[in-house]
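Notes to accompany the following structure.
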Amino acid sequence: LVLSRMDSRDDMNRSSVNMSELTEETIRMLMPVAEQNRQKLSGDVQDDLFLYGDRSKLSQILYNLMDNAIKYTPEEGQISVCLREEDGNIVWRVKDNGVGIPEEDLDHIFERFYRVDKARGRETGGTGLGLSIVKQMVRMHGGTITVESSLGKGSEFTVTFPQEGAES
């Protein structure tokens with residue numbers, strides 16, 4: 001439903017978003033889940049970074065990426081979230097040392113209904129829509145998302161937004 005709505009119209013409520021605060025807030029929100037899983041969640045957040053965008057959608061992007069990192073990282077694992085200004089862009093990096101993604105799946109993980117672990121049902125593995133929604137929301141902000149991953153070593157998702165945000 002969310003994807004259909006995003007496909008049909010530009011359903012954006014844009015304003016100046018303090019990305020530094022949003023990132024810190026999301027880390028605080030997910031810290032108890034990571035601690036419950038005995039994982040180390042750390043943040044490296046540059047102060048006073050702003051983006052003209054939809055705060056709710058930006059929050060959902062980061063929440064989904066961090067939630068996935070927590071889900072696919074074993075106990076005692078590490079998850080890091082970084083927010084930086086780089087070359088006029090605002091860049092989020094969510095990195096984990098979890099299970100990783102097989103190379104043959106990397107080109108497909110942003111497709112609707114695609115799940116890396118076919119054995120995982122909707123009860124445990126979701127619908128395969130989370131990363132597709134994330135990619136669409138990133139595009140709506142004029143940004144890009146990439147992933148680097150090694151099986152058994154973890155994944156790093158990088159989201160890059162032009163600092164001025166997408167054209168409205």
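No lab work stands behind these numbers, since they all come straight from the coordinates. Since the model is a prediction, treat every value here as computed from it, not as a measurement. Every residue, glycine among them, receives a Cβ derived from its backbone with ideal geometry; neighbour counts consider all protein chains shown.
Quick look at the values:
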quantity	calculated
Peptides ranked, highest mean first, by Cβ atoms within 10 Å: ranges 94-102, 35-43, 141-149	94-102, 141-149, 35-43
5 angstrom amide H check on I90, placed H, neighbours 5+ away	F161, Q163
HN-Hα J in Hz across segment 42-49 - Karplus 6.51, -1.76, 1.60, θ = phi - 60°, x for Gly and Pro	10, x, 10, 10, 6, 6, 6, 9
Rule-of-thumb Rg ratio for segment 1-108 [Cα; 2.2 N^0.38 Å; N residues]	1.16
Amide H contacts of S42 (H built 1.01 Å from N, under 5 Å, at least 5 apart or other chain)	I79, S80, V81
Whole-Hz ³J(HN,Hα) from phi, Karplus 6.51 cos²θ - 1.76 cosθ + 1.60, for segment 135-148, glycine and proline x	4, 5, 5, 5, 4, 4, 9, x, x, 10, 10, 10, 9, 10
Stretchable slack from D107 to S16, in nm (0.36 nm times residue separation minus alpha-carbon distance)	29.5 nm
Packing-based order for 47-56, 131-140, using average beta carbon neighbours within 10 Å, highest first	131-140, 47-56
